[in-house]
Amino acid sequence: MAILSKYNLEKYQFGIDIRKSHRIYGMSGKIIYEGKWISRRDKTIVIVEMNEAIVEREALFYLEVNGHDNIIRTLGYVENSLNLTIFIQEYASQGDLADCLMDNQLNITVPILVEMFTQVADAMSYIA
(Lines give C-alpha, C1' and ligand atoms only; values in the text may rest on other atoms or scores of the structure.)
Protein backbone atom coordinates (compact mmCIF):
# COMPACT_ATOMS: atom_id res chain seq x y z
CA MET A 1 0.00 0.00 0.00
CA ALA A 2 1.44 3.36 -1.03
CA ILE A 3 0.46 5.15 2.16
CA LEU A 4 2.79 2.94 4.21
CA SER A 5 5.88 3.74 2.18
CA LYS A 6 6.52 7.09 3.88
CA TYR A 7 6.27 5.69 7.41
CA ASN A 8 8.86 3.57 9.15
CA LEU A 9 6.64 0.65 10.19
CA GLU A 10 7.72 -2.94 10.64
CA LYS A 11 6.17 -5.59 8.43
CA TYR A 12 4.76 -8.72 10.11
CA GLN A 13 3.20 -11.98 8.93
CA PHE A 14 0.32 -14.00 10.31
CA GLY A 15 1.49 -17.39 11.58
CA ILE A 16 5.11 -16.29 11.81
CA ASP A 17 5.11 -13.10 13.88
CA ILE A 18 1.54 -12.77 15.13
CA ARG A 19 -1.63 -14.77 15.56
CA LYS A 20 -5.17 -13.44 15.51
CA SER A 21 -7.46 -14.23 18.43
CA HIS A 22 -11.07 -13.20 19.05
CA ARG A 23 -12.95 -10.30 17.52
CA ILE A 24 -13.28 -7.26 19.81
CA TYR A 25 -15.20 -4.82 17.61
CA GLY A 26 -16.39 -4.40 14.07
CA MET A 27 -18.18 -1.66 12.16
CA SER A 28 -18.13 0.28 8.89
CA GLY A 29 -15.26 -1.43 7.11
CA LYS A 30 -13.07 -1.93 10.19
CA ILE A 31 -12.72 -5.04 12.36
CA ILE A 32 -10.57 -5.11 15.50
CA TYR A 33 -9.19 -8.37 16.89
CA GLU A 34 -7.14 -9.25 19.92
CA GLY A 35 -3.83 -10.74 18.88
CA LYS A 36 -0.64 -12.21 20.31
CA TRP A 37 3.01 -12.13 19.34
CA ILE A 38 4.20 -15.63 18.48
CA SER A 39 7.87 -15.57 19.41
CA ARG A 40 9.36 -12.18 20.09
CA ARG A 41 7.12 -10.53 22.64
CA ASP A 42 4.75 -11.46 25.43
CA LYS A 43 2.28 -8.56 25.21
CA THR A 44 -1.22 -8.69 23.81
CA ILE A 45 -1.73 -6.60 20.67
CA VAL A 46 -4.64 -5.32 18.62
CA ILE A 47 -5.05 -6.25 14.97
CA VAL A 48 -7.00 -3.67 12.96
CA GLU A 49 -8.32 -4.78 9.55
CA MET A 50 -9.64 -2.05 7.23
CA ASN A 51 -11.19 -2.23 3.79
CA GLU A 52 -10.26 0.11 0.96
CA ALA A 53 -13.28 2.38 1.52
CA ILE A 54 -11.96 3.75 4.82
CA VAL A 55 -8.25 3.02 4.69
CA GLU A 56 -6.98 6.42 3.49
CA ARG A 57 -8.63 8.42 6.27
CA GLU A 58 -8.10 5.90 9.08
CA ALA A 59 -4.54 4.93 8.18
CA LEU A 60 -3.41 8.52 7.79
CA PHE A 61 -4.83 9.37 11.21
CA TYR A 62 -3.21 6.36 12.92
CA LEU A 63 0.15 7.08 11.36
CA GLU A 64 0.14 10.85 11.90
CA VAL A 65 -0.51 10.51 15.67
CA ASN A 66 1.86 7.60 16.15
CA GLY A 67 4.48 9.51 18.13
CA HIS A 68 2.53 10.60 21.23
CA ASP A 69 2.79 8.82 24.60
CA ASN A 70 -0.93 9.16 25.38
CA ILE A 71 -2.22 7.84 22.05
CA ILE A 72 -2.33 4.14 21.12
CA ARG A 73 0.77 3.36 19.05
CA THR A 74 0.70 1.63 15.67
CA LEU A 75 3.55 -0.88 15.75
CA GLY A 76 3.49 -2.21 12.21
CA TYR A 77 1.42 -3.77 9.47
CA VAL A 78 0.66 -7.18 7.99
CA GLU A 79 1.06 -7.88 4.30
CA ASN A 80 -1.85 -9.90 2.99
CA SER A 81 -3.60 -10.98 -0.17
CA LEU A 82 -7.10 -10.04 0.98
CA ASN A 83 -6.97 -6.42 -0.26
CA LEU A 84 -7.14 -5.24 3.36
CA THR A 85 -4.88 -2.90 5.26
CA ILE A 86 -3.98 -4.57 8.55
CA PHE A 87 -2.26 -2.65 11.34
CA ILE A 88 -0.76 -3.99 14.56
CA GLN A 89 -1.35 -1.68 17.52
CA GLU A 90 -0.77 -1.55 21.26
CA TYR A 91 -3.45 -3.16 23.42
CA ALA A 92 -5.01 -1.10 26.21
CA SER A 93 -5.63 -3.78 28.84
CA GLN A 94 -7.78 -1.47 30.97
CA GLY A 95 -9.98 -0.53 27.99
CA ASP A 96 -10.42 2.97 26.67
CA LEU A 97 -11.00 6.09 28.73
CA ALA A 98 -14.76 6.10 28.09
CA ASP A 99 -15.10 2.52 29.38
CA CYS A 100 -13.01 3.37 32.43
CA LEU A 101 -15.15 6.37 33.33
CA MET A 102 -18.50 4.69 32.53
CA ASP A 103 -17.77 1.54 34.54
CA ASN A 104 -17.06 3.73 37.57
CA GLN A 105 -15.14 0.88 39.21
CA LEU A 106 -12.08 2.98 39.92
CA ASN A 107 -11.82 5.24 42.92
CA ILE A 108 -10.90 8.33 40.92
CA THR A 109 -9.57 11.10 43.12
CA VAL A 110 -9.22 14.75 42.16
CA PRO A 111 -5.45 14.43 41.54
CA ILE A 112 -6.10 11.45 39.25
CA LEU A 113 -8.80 13.40 37.36
CA VAL A 114 -6.40 16.33 36.93
CA GLU A 115 -3.70 13.99 35.56
CA MET A 116 -6.22 12.34 33.20
CA PHE A 117 -7.43 15.72 31.97
CA THR A 118 -3.84 16.90 31.43
CA GLN A 119 -3.00 13.79 29.38
CA VAL A 120 -6.18 14.08 27.28
CA ALA A 121 -5.55 17.79 26.65
CA ASP A 122 -1.93 17.06 25.70
CA ALA A 123 -2.99 14.34 23.25
CA MET A 124 -5.71 16.54 21.74
CA SER A 125 -3.24 19.38 21.33
CA TYR A 126 -0.90 16.97 19.52
CA ILE A 127 -3.68 15.89 17.15
CA ALA A 128 -4.68 19.48 16.36
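The values are calculated or read from the model by the stated rules, or taken from the named source; none is laboratory data. The structure displayed is predicted, hence computed values, not measured ones. Ideal geometry is used to build each Cβ from the backbone, glycine not excepted, and the neighbour counts take in all protein chains shown.
Total residues in segment 42-61 satisfying the condition of being exposed (fewer than 14 other Cβ atoms within 10 Å of the Cβ) and within 21 Å of Val120 (Cβ to Cβ): the figure is 1. Which members of segment 19-70 meet the condition of being touching an Asp or Glu at 6+ places or on another chain (Cβ under 9 Å), at pLDDT below 85 and within 17 Å of Ala92 (Cβ to Cβ)? The one that is touching an Asp or Glu at 6+ places or on another chain (Cβ under 9 Å), at pLDDT below 85 and within 17 Å of Ala92 (Cβ to Cβ): Lys43.
Looking at this structure, is Glu49 among the charged types (D, E, K, R), out of contact with any helix residue (DSSP H, G or I) (no Cβ under 7 Å at 6 or more places or on another chain) and under 26 Å from Asn8 (Cα atoms)? Yes: the conditions hold for Glu49.
Among the residues of segment 26-38, none qualifies, meaning not one is outside any strand (DSSP E or B), surrounded by 12 or more Cβ atoms within 10 Å (Cβ to Cβ), without any contact (Cβ under 8 Å) to a residue 12 or more places away in the chain and on the phi < 0 side of the Ramachandran plot. Within segment 62-100, the set of residues being exposed (fewer than 13 other Cβ atoms within 10 Å of the Cβ) and farther than 20 Å from Lys11 by Cβ comprises Asp69, Ser93, Gln94, Gly95, Asp96, Ala98, Asp99.
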